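Worksheet: one structure, shown below.
The values are calculated or read from the model by the stated rules, or taken from the named source; none is laboratory data. Quick caveat: nothing in here was measured; it's all calculated off a predicted structure. Cβ coordinates were reconstructed from backbone atoms using ideal geometry, including for glycine residues, and neighbour counts include every protein chain displayed. Ligands, DNA and RNA are excluded from the accessible area calculation, which covers all protein heavy atoms including side chains. Shrake-Rupley method; radii C 1.70, N 1.55, O 1.52, S 1.80 Å.
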Amino acid sequence: MSVGAPRGLASSGQKPIAEILHPLSAAEEPLLVPVNVGGEKEAGLTNGTPVETSSPASASSLFNRLQLDDDLEADVRDLYASTETRDLFVTVDDPKKHVSTMETYITYRVSTKTSRIEFDLPEYCVRRRYQDFDWLRIKLEESQPTHLIPPLPEKFVMKGVVDRFSEEFVETRMKALDKFLKRVADHPVLSFNPHLNAFLSAKDLNKRQGLALLTKVGESVKHVAGGYKLRARPPEFCAMGEYLDTFSQKLGTIDRIAQRILKEQSEYLTELREYGTVYSSWAGSEEELRRPLEGVAGCVATCCRALEDQSENMSQDFLPVLREYILYIESMKNVLRKRDQTQAEYEGRLEAAILRKQEDRTPMPVEVEKCQDKVECFNADLKADWERWQSNKRQDFKQLLTGMADKNINHYEKCQAAWESLVTLLQDKQTEDKTSETN
C-alpha cells in the first residue's frame, strides 16, 4: 500500500485521502440555501456543503433551512437497515420507582426480540436505570471512536425547578431513552457491539472494568498528536462543522423562544381561568343573563383545556426533540474533533518520515501506513454516519412540524367551535326574548 498525504500535505502527484474515499460528483453534492437577514450573509442549513447563493429572509426561514424536503423516498432510504432486514428490536417502557435507605431512583424495563446468533435467547427482559444507559454510551464511545453515538437525555436537572420523580419528567425521559436505544439497535455497526449485547441480556452489568478502561483511553487520547497542529481540515468536514454551528444556533434560538412561549402561555392560562370564573359568578346573580353568561364561561373553559393540551404538546413532544438534536450536534462535533486528532497524528508521522527519508533514504515506516488506514477508516465511518443522521433528522423534523401544525389546528378549531356555539346560543336567546315581548 502506498502512503498518500491528507489534504493539508497533498502534492500535485497524489490524491488527498478525502478524494480517494467516496468522491462526490457535482450531482451528488447537497445543496445549500443561505439566508440573508438584514443585508448580512449567513450560512444556511444544508447537508454540509456551502454554495454561494442568496434568498430573501422570512419569518419561516428558521424552519425552511431544516431541509424539509417533499421527497419521502429519500428520507426513508437507508443503505444499511430496513424493516425487512432488521433482526434486533428493543423497547424501553414500564418505569418503576425504587426507594431504599441510601437512594431513590427509577428503573425502566428493556425488552429485546432478536434472531441474531450472538444472543443465546430470542427474547430478553431486564430492568435498567439511567446510569446503566450512561455506561452503555460510554462503552460505545470508547470502543467505536469513529462512529457517531446517539445522545442520552441530560442527566442532571435543577433542584426545585424540575421534579425528576414526577410522572411527566419520568415519561419524557423514558421516551428519550427508548429513542436512544432504538437508534443504537438500528445502527449497522453499533448494534453488533458486545457491550450492547451485555446491556440487553445480562442480569448484572460489570461496569467498573469498562469505566477504568475508559479512563486509560481518555488519557491516551490527550497525547495523540500532542505537539502537532492540524494543517487543514478537508473541505467536506469543514462544511460539516459549519453546518453544525449554524444548526445549533437556530435550534438554540427556537428552544429559547419556545420556553418563553410556554411561560407566557402558563401565565395567560392562569388569567383565563380567573376570567371564566368571573362570568360563572355573575351568572349566579343575574337570572336574565344566566344562560349567555354561563355560555361565555363554558367557552373560556373550553379554551383553557385547549391551551393546556397545546402547552403539554410543546413541553412533552416538541422541546424534547429540539434538545435531543442540540445534544446530537455536540456528539457530532466530538467525533469531528477525534477525526482531526487522527489526521494530525498521521500528518505528524508522515512529515517526520519524509524528513528521515530525505536524510538517509529509509523506507516509509509501517506506522505511517497504519495511521493513513486509520484516517481513511475515520473518514468513511463519519461520512456514513453523517448521511444516516441527516436522513433521520429530516424524518424527525417532518414528523415534529407536521404534528405541531395538527395540534395548533386542533387548538383553534376547538376554540372556534366553542365561540360559534355561543353565537348560536345568543341568537336563540334573542329570538326567545322577541317572542316573549310579542306575547
For 261, 117, 409, what's the largest-to-smallest order of accessible area, 1.4 Å probe? 117, 409, 261
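Quick check on the stretch 237-278: what does the Kirkwood estimate of hydrodynamic radius come out to from the alpha carbon pairs, in Å?
Numbers: mean 1/r = 0.0790 Å⁻¹.
Evaluated on the stretch 237-278, it is 12.7 Å.
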Residue-normalised value, i.e. accessible area per residue, for the stretch 84-156 at 1.4 Å probe, in Å², stands at 55 Å²
Solvent-accessible area of residue 125, probe 1.4 Å, all protein chains present, reported in Å² to the nearest ten, please. 90 Å²
Long-range Cα-Cα pairs in the stretch 100-144 (distance over 18 Å), rounded percent: 51 percent
Using alpha-carbon coordinates alone, the radius of gyration and Dmax of the stretch 230-433 in Å work out to 30.7, 112
What is the log10 of I(q)/I(0) for the stretch 225-297, computed with the Debye formula using one identical point scatterer on each Cα and no solvent, at q = 0.13, 0.17, 0.26, 0.28 Å⁻¹? -0.66, -0.80, -1.04, -1.10
Inter-probe distance in nm under a simple model that places probes 7 Å from Cα toward Cβ, at residue 413 and residue 168: 2.5 nm
Taking only the alpha-carbon positions of the stretch 361-427 as identical scatterers, the Debye log10 I(q)/I(0) at q = 0.14, 0.29 Å⁻¹ comes out as -0.70, -1.09
Just the number, please: carbon plus sulfur as a percent of the accessible area of the stretch 230-433, 1.4 Å probe, no ligands or DNA/RNA counted. 52 percent
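Using only Cα atoms, figure out Rg for the stretch 259-315 and give it as a multiple of 2.2 N^0.38 Å. Present the calculation step by step, with values, prior to reporting the outcome.
Working: Rg = 13.4 Å, N = 57, 2.2 N^0.38 = 10.2 Å.
Expressed relative to 2.2 N^0.38 Å, the Cα Rg reads 1.31.
When the Kirkwood radius is taken over all Cα pairs of the stretch 283-366, what Stokes-Einstein diffusion coefficient follows at 20 °C and 1.002 mPa s, in µm²/s? Each step should come with its number before you reach the end.
Working: Rh = 19.6 Å.
Once the numbers are plugged in, D ends up at 109 µm²/s.
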Which entries of 250/383; 250/398; 96/250; 139/398; 203/374 have Cα-Cα distances beyond 25 Å here? 96/250; 139/398; 203/374
